[in-house]
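Note sheet for the following structure.
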Amino acid sequence: MAEDTPADDYADELPSELDISGYVGPYSFPNNNRRRIAAAIFALAGVLGIALYSTFGDAVLVNRGMLVGGIGLVLLAAYQVVSGTTLRVDETDALAAAGRTVGFPVGHASAQLSWRGLRSRPTWRILLYSADEPPTKRGLVLVDGRSGAVGDHFVEDNPEDWSSLDK
């Protein structure tokens, strides 16, 4: 705040990169394969640590901790490569696959990207409501982010009571 500006004139503002009013176009989910960049950095640092230890042995600045750290970084890099699978199915395709699975006309739906298992496999979690008003059915469908295959799914009568919202 400038010195000549009175405290009463100060207003808190949202940073420009978070201002939704200027947003145009669809949102693009970050891809899992970006983990491979971190994997390359971890592998390089790990190999460097192992090379320093093998060259200098137990010295003042290079000791067994350098070896252990280097091995740890190489192992972490291997995990990052294995878990850095490419996301091939976007949210629109996942919503379409989920709509075909539930067996009722879909009204409102929501897609969330998550990761499953030790290999962090990208998985879309799709929550769907039936198209009638108010919705009588709802479903949850898991769609694989690599192949588009539908995994687990669950459909039930909608237990929510919206009668108090009727006007």
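Bear in mind that the values in this text are calculations on the coordinates, not laboratory data. Small disclaimer: the values here were computed from a predicted structure and weren't measured. Glycine gets a Cβ as well: all are built from the backbone with ideal geometry, and neighbour counts include every protein chain shown.
Report the extension gain between residue 76 and residue 55 in nm, rounded to one decimal, defined as 0.36 nm multiplied by the number of residues separating them, less their alpha carbon distance. It would help to have the intermediate numbers written out before the result.
Numbers: separation 21, 0.36 × 21 = 7.56 nm, distance 2.27 nm.
Contour length minus the Cα-Cα distance gives 5.3 nm.
Can you give the angle from 0 to 90° between the axis of helix 91-102 and the longest principal axis of the chain, with both taken from C-alpha atoms, to the nearest 10? With both axes taken from Cα atoms, the answer is about 50 degrees. Within the stretch 141-157, find all residues whose amide N lies under 19 Å from a label point positioned 7 Å from the Cα of residue 34 along Cα-to-beta-carbon. Of the residues in the stretch 141-157, 145-146 have backbone N under 19 Å from the label point off residue 34. Put a dot 7 Å past the Cα of residue 157, heading toward its Cβ, do the same for residue 63, and the two dots end up 6.9 nm apart. Note on the chain: with charges restricted to the Cβ of Lys and Arg (+1) and Asp and Glu (-1), its dipole about the Cα centre is near 1680 debye. Net length available on complete extension from residue 100 to residue 48 is 13.6 nm, with 0.36 nm assigned per residue and the Cα-Cα distance removed.
Per residue of the chain, the DSSP helices (runs of n ≥ 4 H) give a summed -39500 (n - 2.57) that works out to -11000 deg cm²/dmol at 222 nm. Relative to the dominant Cα principal axis of the chain, helix 35-56 is inclined by about 20°.
If I fit a long axis through the Cα atoms of helix 64-83 and take the longest principal axis of the Cα atoms of the chain, what angle between them do I get, 0 to 90°, rounded to 10? Here the helix axis deviates by roughly 30 degrees.
Only one item in (1) 17.5; (2) 20.7; (3) 15.9 matches Kirkwood radius over Cα pairs in Å derived from the coordinates shown, and that item is (2).
Each Lys and Arg contributes +1 and each Asp and Glu -1, all at the Cβ; summed about the Cα centre of the stretch 91-165, the dipole is approximately 540 debye.
Report the chymotrypsin sites (Phe, Trp or Tyr not before Pro) located in the stretch 86-167 that are in a DSSP loop and have at most 16 other Cβ atoms inside 10 Å of their Cβ, or state none.
Of the chymotrypsin sites (Phe, Trp or Tyr not before Pro), the ones in loops of the stretch 86-167 whose Cβ has at most 16 other Cβ atoms within 10 Å are 162.
Computed extension gain for residue 90 through residue 13, at 0.36 nm per residue and net of the alpha carbon distance, reaches 24.4 nm.
Give me the percent relative contact order of the stretch 32-83, please, defined on Cα pairs under 8 angstrom at least 6 residues apart. Walk me through the numbers on the way to the answer.
Details: 56 pairs, mean separation 27.2, N = 52.
Result for the stretch 32-83 is 52 percent.
Please go through the stretch 71-167 and write out the GluC sites (Glu not before Pro) that DSSP classes as loop and that have at most 13 other C-beta atoms within 10 Å. List each step's numbers first, then the result.
Details: sites: 91, 156, 160; in loops: 160.
Answer in residue order: 160.
For the peptides 131-139, 143-151, residues were scored by their other Cβ atoms within 10 Å and the scores averaged per peptide; the highest-first order is 143-151, 131-139.
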